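Notes follow once the structure below has been shown.
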Amino acid sequence: MDFHFGEAFDAIAQAIPRNEALIFRDRRLSFAELGERSRRFANLLLDRGLRVRTERADLDGHESGQDHLALYLYNGNEYIEAMLGAFRARVAPLNVNYRYVEEELLYLFQNSRSRAVLYHAEFAPILGAIRDRLPDLDLLIQVADDSGQALLPGAIDYEEALAASSAEPPPVRPSPDDLYILYTGGTTGMPKGVLWRSGDIYPAAMGGRDLAGQELPSLEAIAAQAAGGPGAKCLIGPPLMHGAAQWGTFMNFGMGNGIVIPGENKKLEPADFLATAERERCLSITIVGDAFARPILDELARRDYDLSGLLVVGSGGAPLSTAHKKEFLERLPQVTILDSIGSSETGAQASNPSNKDSGVSTGDFKPMAGACVVSEDLKRVLAPGDDEMGWFAQQGRTPLGYLGDPDKTARTFPVIDGTRYAVPGDRARYRSDGSIEVLGRDSVTINSGGEKIFAEEVEHALKQHPAVFDVVVAGRPSERWGQEVVAIVALREGASAAPAELQAEAAKHLARYKLPKLFVFRDVIQRSPSGKADYRWARAQAEAETQA
């Protein structure tokens, strides 16, 4: 069975209407109230002429027949209200990276052909600067904030527009074929819009499965799962412009849980994050890998927080190292660390749970439905125990393609023996015990003397050293080896470590040919707001040292 987000959310809201769905600062919305606000937003979009222009059956996988809404927002209730409202109106919402500069924003808005944008007032000046070069953009909705920016010419205020809009069910019937669009990239290439049918992404990553991993067969089953859930609260740390945060939000809705957004919504502020988890008695927190884990762990070392009700630390979107998992379990021995992996092109693929009894590892994942490994030449599906390195892949519920890019769609979603797969570029091995070892993205692999070295495994090894706060690894040209490994390292405040010490630590975990040939020290490692490493920046640091 396929469902669209509107009917799935309505089933949940009807089952638990008074349960808290969304908490942000002084705003606390029940499922019923969130549903009403999303209906008002849907009717606002429809009243302004946004609609479906061509049905899915008449389109290729890289095409969209819907009008698009760009979400240019920090975290807040408006993000979720707008996503739900757009789905109800059959308008496709898409994420905008709020760190983008003018040129990047112009590219994304032009590439996405967005007809409407919902944005925080802080972004009015940069949006105003490119407005004249965006002829398709004809609806601007501004969310008030503390920036003091006035409404752009022709823009409308979000809260005023919502209050004036109808709370009745919108006069359109959404379809499971309607799009969910997730823009990905920007650290290793230009952003790409991944197109999913809502009927596919819902079970693939956004709440359409039960705890055993089986797809929910009916709206009644969706409602029953929500009503039977703990009614707990989950604290979402990463930006909602990041897929991991969107997926975590909707999965928790499906389990009947409420979402809590920290008061500091522009960056991770560890004290505010943990104080919010303590105040709301959160059952789970969601982070993105080591970039979130390290400052949170340092804050836990600085002062005590009552997190006795916290049972799950969920991480996805970037690697979470073994060292940080161990430290979480030392400080919060009651928790299970649920390290998940997936991508914009695959949905949730695999998980690696760790607790004080099971011990910890990094890179070893238990596959979920449809996850598999295909051969390097994209001609075979590998079996557990096949002694070769292949590609981490997904079959079954997969995206339609990349917006406006038929060639990249064909390359990333190949057909093998009549079955379509998503192969976004992570290298992997299928172990004989059924687990999958994920080695990292091939685009950031370093080829040294004919040996492939994965940046992430070197990063994991170096993070075992107690002086390392953060690290990213890149390659630099080498006359002898073709490429050689360079580690860009940020040390913890007040700590020191010589290159030889770091090399010795890495040598405990890695073969000699994988060890860094050079260590570059920086005060801060540049990452995206979601915590992902910026490998273009890392390569620039490595090459700058070469030139010096």
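No lab work stands behind these numbers, since they all come straight from the coordinates. Treat the numbers as computed from the prediction; the structure is a model and nothing was measured. In this analysis, Cβ positions are derived from the backbone assuming ideal geometry, glycine residues included, and neighbour counts consider all displayed protein chains.
Before moving on, here are some points about what is shown:
- A viscosity of 0.692 mPa s and a temperature of 37 °C, combined with the Kirkwood radius over C-alpha pairs in the Stokes-Einstein formula, give the stretch 430-490 a diffusion coefficient of 257 µm²/s.
- One way to sum up the overall shape of the stretch 1-82 is the equivalent ellipsoid from its Cα gyration tensor, whose semi-axes run 27, 17, 12 Å, largest first.
- Convex hull volume per residue in cubic angstrom - Cα atoms of the stretch 61-106: 88
- Per-residue ³J(HN,Hα) for the stretch 81-89, Karplus 6.51 cos²θ - 1.76 cosθ + 1.60, θ = phi - 60°, Hz, x for Gly and Pro: 4, 5, 4, 5, x, 4, 4, 5, 8
- Highest-first arrangement of 499-505, 271-277, where packing means the average Cβ count within 10 Å: 271-277, 499-505
- In terms of packing, defined here as the mean over residues of other Cβ atoms within 10 angstrom, the peptides 513-522, 112-121 line up highest first as 112-121, 513-522.
- With contributions of -39500 (n - 2.57) from each DSSP H run of at least four residues, the per-residue ellipticity at 222 nm computed over the chain stands at -9000 deg cm²/dmol.
- As a calculated quantity, the FRET efficiency between residue 302 and residue 168 at R0 = 41 Å, using C-beta atoms, amounts to about 0.20.
- Legend: translational diffusion of the stretch 211-296 by Stokes-Einstein, Rh = Kirkwood radius over C-alpha pairs, 25 °C, 0.890 mPa s; D = 178 µm²/s.
- Greater than 20 Å apart at Cα, pairs in 192/463; 192/532; 379/408: 192/463
- Charge dipole (the chain, unit charges on Cβ, about Cα centre) - positive-most of 124, 265, 473: 473
- Here the stretch 351-413 has an Rg and Dmax of 15.3, 48 Å, counting Cα atoms alone.
- Between residue 275 and residue 361, full extension at 0.36 nm per residue minus the direct alpha carbon distance yields a gain of 28.1 nm.
- Sorted on the mean count of surrounding Cβ atoms within 10 Å across their residues, most packed first, peptides 404-410, 477-483 read 404-410, 477-483.
- Computed from Cα atoms alone, the Kirkwood hydrodynamic radius reported for the stretch 395-536 is 17.2 Å.
- Here the stretch 269-314 was treated as a single set of alpha-carbon atoms; its pair distances binned every 5 Å from 0 give 5, 23, 34, 30, 8 percent.
- Site pair residue 330 and residue 464 shows an inter-label distance of 1.5 nm when each label is modelled 7 Å from Cα along Cα→Cβ.
- Rounded to the nearest 20 debye, the dipole magnitude of the chain is 420 debye, with +1 charges on Lys and Arg beta carbons, -1 on Asp and Glu beta carbons, and the Cα centre as origin.
- Counting DSSP beta bridges with both ends in the chain, the antiparallel % (nearest 5): 60
- J(HN,Hα) series, the stretch 92-97, from Karplus relation 6.51 cos²θ - 1.76 cosθ + 1.60, nearest Hz, glycine and proline x: 8, x, 9, 8, 10, 6
- Summarised as an ellipsoid, the stretch 370-445 has semi-axes of 22, 14, 10 Å, derived from the eigenvalues of the Cα gyration tensor scaled by 5 and square-rooted, with the largest first.
- Taking θ as phi - 60° and the Karplus parameters 6.51, -1.76 and 1.60, the scalar couplings of the stretch 192-202 work out to 10, x, 7, 9, 10, 5, 4, x, 9, 5, 4 Hz in sequence order, x denoting glycine and proline.
- Dimensionless Rg ratio for the stretch 268-369, taking C-alpha atoms and the 2.2 N^0.38 Å reference: 1.04
- Only the Cβ atoms of Lys and Arg (+1) and of Asp and Glu (-1) were treated as charged; on that basis the dipole of the stretch 449-547 about its Cα centre amounts to roughly 180 debye.
- The stretch 1-28 versus the stretch 34-101: alpha-carbon centroid distance in Å: 17
- Look at where the Cα atoms of the stretch 148-201 and of the stretch 445-502 average out, and the two centres are 40 Å apart.
- Cα pair distances exceeding 39 angstrom across the chain, given as percent: 24
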